[in-house]
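The values are calculated or read from the model by the stated rules, or taken from the named source; none is laboratory data. This structure is a prediction, so every number in the text was calculated from the model and none was measured. When the accessible area is computed, the model is the full protein with side chains, heavy atoms only, and any ligands, DNA or RNA have been set aside. Shrake-Rupley method; radii C 1.70, N 1.55, O 1.52, S 1.80 Å.
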Amino acid sequence: MISDFKFWHFFSRQGQLIHNIQTTEMRNVNKRIACIIAIGLLVFAIGEVWGMNTSSLTPLLSAGMWDAYTLARWTSLMGTLLWAGFYVAFHLYGASFLFSKILKMPWRGAIIMQMYVTALLVIEKGLIFLLFAVTGFTTSVSFFSFGPIAATFLDNHFLIYFFNQLTVFTSLIIAVQYRFIRSFTKISPKLILFGLIMLHIFVALFVALFSLVPVNDMLSGFMEGGNPFE
């Protein structure tokens, strides 16, 4: 039996979707994956073109170094697209592979689960960019996270970055993954929920730790021919 995979139709009908995955052969899955990848790259690219995370290049523009500034912007865009490709591919294929190997989930169930996870991440980034574009400024914390609240009474950058990773969309992602994993494995539901919460907390801790690395200073030192670690 064959059924069509309609991404938005099943977005709020995941019970029906899981049933179809288990009992039918679903068409158009690869087309939907290609759409998510394309939209993900577009969201990252638009933010870069708009000027997000390019403040370190402003001195070149202020100094009238037009050629250097143009080259730097193109290089920054290429780097952003490479990062976007890795980001989307990891959440789609890398995470699906880990879930299928560690939890013994069927690959088809894992990849469709991660399609919705990746879509939620892309939607979050798209909404953040939209808010930045409307307000005309950017912040280092997400409006959808606990980051702004943490920043009001905490001075610890690590904790602020940590809470910034815990967003409304994180809750939605945990809900999606819980529904799928519970349906495709025999693991205890309580253990699944606990494991997912701990997984996302661990990821938030890792990202917060990585956010403290002075990447921009290191890159600036490299571009200037100096030692970024001095």
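Quick rundown of the values:
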{"read-out": "Exposure rank, largest accessible area first [7, 86; 1.4 Å]", "value": "86, 7"}
{"read-out": "Set of lysines near residue 186 by C-alpha distance (under 25 Å), chain-local residues within fewer than 8 positions excluded", "value": "101, 104"}
{"read-out": "Apportionment of accessible area to carbon and sulfur, the range 130-201, percent (1.4 Å)", "value": "70"}
{"read-out": "Contact order normalised by residue count of the range 128-207, Cα under 8 Å, 6+ apart, percent", "value": "25"}
{"read-out": "The range 145-186 - accessible surface per residue (Å², probe 1.4 Å)", "value": "55"}
{"read-out": "Built amide H within the under 5 Å cut-off of residue 105, gap 5+", "value": "100"}
